[in-house]
Amino acid sequence: MASEQTSTGYIKHHLQNWTYGQHPDGAWGFAHSAEEAKEMGFWAIHVDTMLWSILLGVFFLWAFRKAAKGATANVPGRLQNFVEWICEFIDSSVKGSFTARNTLVAPLSLTIFVWIFLMNLMDLVPVDWLPSAATWIGSTFFGADPHHVYFKVVSTTDPNATFGMAFAVFFLVLYYSIKIKGIGGFAGELTLQPFQSKNIVVQAFFIPINFLLEFVSLIAKPISLALRLFGNMYAGEMIFILIALMFSAGLGMGIFGAFLQMGWAIFHILIITLQAFIFMTLTIVYLDMAHNEH
């Protein structure tokens, strides 16, 4: 039972975000438990999610800027080759799925793909390395209780991050839907299809039905974008945590766990790439639908 409780505590500790917010007594500070984080409410900030997403975003900008500044028409270096390959891949994806003309779509698709891929890639870092480093720093230099130091490094396992990106895409979809089609055209898409009739009375009857169906379809876009990415990455992180528990169960289980971890990491490379690609592709498709009139 003690071992089970220890394993349960280990899993909960690794799945808890480093949270900053307002305590019920009005004071601001970091949460020392999952219960305190929950009490902080909606306006609490997951510091680790913000930290890693911003750091990886800055790294993406720095690497691509370095490649652009050092670009040459002669024999390109490895970084330039890599960046050019990614840009060509994104360009092909946009040309294959986006039929309108908008200079924002390709840069947006590039940013989404590379940024999500980098955040997903952090899942391949052994689950104890960075949290253990954060625990040591917090307890050594700041006197924090090691049991109250939380540090998740995979931002896409936090629904706040995935929903934030999904809502940003959703707002762009709404913006271009209204800009291209006008308010009347956008409202017509929500109320005059899929059921139509030349009889005005029958069409008036169809309007609320059409709106219900189309509104659900519209709202499902950001929700499916966010939950698909979050669910796959959260499940992958959970499997890594469960495998890590095997290292504390003896030498034999540790060796077996090492082989499992290696196998899952190799397979997970496909998952982290595929999830970034799916998010990017659906973004392109949704924006294309926003630009096309029925």
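Remarks
- Qualifying residue in the stretch 22-32 (condition: of a type outside the set (Val, Ile, Thr) and under 30 Å from LEU282 (Cα atoms)): no
- Residue list for the stretch 30-85, filter: within 21 Å of SER109 (Cβ to Cβ), among the β-branched types (Val, Ile, Thr) and out of contact with any Phe, Trp or Tyr (no Cβ under 9 Å at 6 or more places or on another chain): ILE54, VAL58
- Verdict on PHE247 being within 30 Å of ILE219 (Cβ to Cβ), touching a helix residue (DSSP H, G or I) at 6+ places or on another chain (Cβ under 7 Å) and either outside any helix (DSSP H, G or I) or among the aromatic types (Phe, Trp, Tyr) (or both): no
- Checklist (1) in contact (Cβ under 8 Å) with a residue 12 or more places away in the chain; (2) over 22 Å from THR156 (Cβ atoms); (3) not aromatic (Phe, Trp, Tyr) applied to THR103, failing item: (1)
- Selection status of VAL105, surrounded by fewer than 18 Cβ atoms within 10 Å (Cβ to Cβ) and either among the charged types (D, E, K, R) or modelled with pLDDT of 95 or more (or both): no
- Subset of the stretch 1-28 that is of a type in the set (D, E, K, R) and in a helix (DSSP H, G or I) - its residue that is modelled with the highest pLDDT: LYS12
- Scanning the stretch 112-127 finds no residues that are farther than 19 Å from MET165 by Cβ, among the aliphatic types (A, V, I, L, M) and more than 21 Å from the chain's Cα centre (by Cα).
- Scanning the stretch 208-234 for residues that are in contact with a Phe, Trp or Tyr (Cβ under 9 Å, 6 or more places away or on another chain), more than 30 Å from SER155 (Cβ to Cβ) and either of a type in the set (A, V, I, L, M, F, W, C) or not in a helix (DSSP H, G or I) (or both) yields a count of 2.
The values are calculated or read from the model by the stated rules, or taken from the named source; none is laboratory data. Bear in mind that the values here come from a model prediction, so they are computed numbers and not experimental data. As a convention, Cβ positions derive from the backbone with ideal geometry for all residues, glycine included, and neighbour counts pool all protein chains shown.
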